[in-house]
Amino acid sequence: MIHEARALKGATIHASDGEIGSVSDLLFDDQRWVTRYLVVDTGGWLSGRLVLITPIAVRHVGWDERSVAVALTREQVRNSPDIASDLPVSRQKELEYFRYYGYPPYWIGSGLWGAAMAPSALSWPAMAPVPPPPEPEHGAAQPEAEGDPHLRSLSEVTSYTIQARDGAIGSVSDVLLDDQTWALRYLLIDTGGWLSGRTVLLAPHWVSAVSWEGRSVAVDLPRDVIAQAPGYDPTQPLSRDYEARLHAYYRQPAYWEQEAGAA
């Protein structure tokens, strides 16, 4: 199912033996446009420490209840590597994190999640037993110690200006998140006064450029083309029929067909 990501903000994280905290942000990578971590505020339990939890550990998202169940214990989270929630996060720290939990790293492989298209396929016991990522051999190149510039904060990108070929068309108000793959499927664009507040959708993969310093997203489309796109009603569930019409209008391949072919 596809949902507005903002609904996860403040959602309670439930470990197998109690609460861990609440979601304060999401980190996604801007190459694949996939959520890689939930940023969790542990509150008073760990003195307000922020921890990262990979969607690989997620077992269920209760969108109506604003809750996320994870296949972790509080002790596991307490003793997990202190991977910084502030960007940038180094690949070396990520590798320590994945070794600790015994998950294969998402950046090795051709799927959205490395060896798989969905994070649930990499979790225990869903996956066939595999050893955790190996320690680097003596003398081998070490993982990058500097921060990975491709990990971005979802809170940051929501408010970026959308620049069409012939001018601004509004700003990002939220994203639509696929809770199976954790891919960011669409940017929700608030057009403000330009289209009388109408909300339009643009897929991240249709974006031609992102200026992180300039806080703007560029699309190689004229404003009138976007204005005539199939309308989106945020009060209704997103249907596959609507998605198909949207992709056909923009003459873009359907992501579900591409991902089925890559699986």
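Taken together, the values in this text are just the output of simple stated rules run on the coordinates, not laboratory data. This is a predicted model, so every value here is computed, not measured. Cβ coordinates were reconstructed from backbone atoms using ideal geometry, including for glycine residues, and neighbour counts include every protein chain displayed.
Each row is one residue, and each column tells you yes or no for (1) exposed (fewer than 12 other Cβ atoms within 10 Å of the Cβ); (2) closer than 17 Å to Val175 by Cβ; (3) of a type in the set (Val, Ile, Thr).
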{"residue": "Arg198", "(1), (2), (3)": "no, no, no"}
{"residue": "Trp212", "(1), (2), (3)": "no, yes, no"}
{"residue": "Val225", "(1), (2), (3)": "no, no, yes"}
{"residue": "Leu238", "(1), (2), (3)": "no, yes, no"}
{"residue": "Leu246", "(1), (2), (3)": "no, yes, no"}
{"residue": "Glu257", "(1), (2), (3)": "yes, no, no"}
* Can you name every residue in the range 61-83 that is in a loop (DSSP other than H, G, I, E, B) and of a type in the set (Asp, Glu)? -> Asp64, Glu65, Asp82
* Those residues that are in contact (Cβ under 8 Å) with a residue 40 or more places away in the chain, buried (at least 19 other Cβ atoms within 10 Å of the Cβ) and within 20 Å of Ser196 (Cβ to Cβ), I need them from the range 164-183; list them, please. => Ala164, Ile169, Val172, Asp174
* Asked: Which ones in the range 14-40 are at positive phi and either aliphatic (A, V, I, L, M) or over 14 Å from the mean Cα position of the chain (by Cα) (or both)?
  -> Gly18, Gly21
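Hey, among the residues in the range 81-125 that are among the aliphatic types (A, V, I, L, M) and farther than 17 Å from Pro55 by Cβ, which one's nearest to the chain's Cα centre (by Cα)?
Leu87
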* Asked: In the range 39-50, is there at least one residue being β-branched (Val, Ile, Thr) and either in contact with a helix residue (DSSP H, G or I) (Cβ under 6 Å, 6 or more places away or on another chain) or within 18 Å of Trp113 (Cβ to Cβ) (or both)?
  -> no
* To do: Would you be able to say whether some residue in the range 223-234 is in a helix (DSSP H, G or I) and of a type in the set (Ser, Thr, Tyr)?
  => no
* Residue count, the range 192-216 (criterion: closer than 23 Å to Arg245 by Cβ and outside any helix (DSSP H, G or I)) -> 12
* What is the number of the single condition among (1) closer than 17 Å to Leu154 by Cβ; (2) in contact (Cβ under 8 Å) with a residue 24 or more places away in the chain that Asp41 does not meet? -> (2)
* Asked: Of the numbered conditions (1) surrounded by 16 or more Cβ atoms within 10 Å (Cβ to Cβ); (2) on the phi > 0 side of the Ramachandran plot, Gly43 satisfies every one except a single condition; which is it?
  -> (1)
* **Qualifying positions in the range 70-89 - touching an Asp or Glu at 6+ places or on another chain (Cβ under 7 Å) and either under 18 Å from Trp33 (Cα atoms) or of a type in the set (Phe, Trp, Tyr) (or both)** => Pro88, Val89
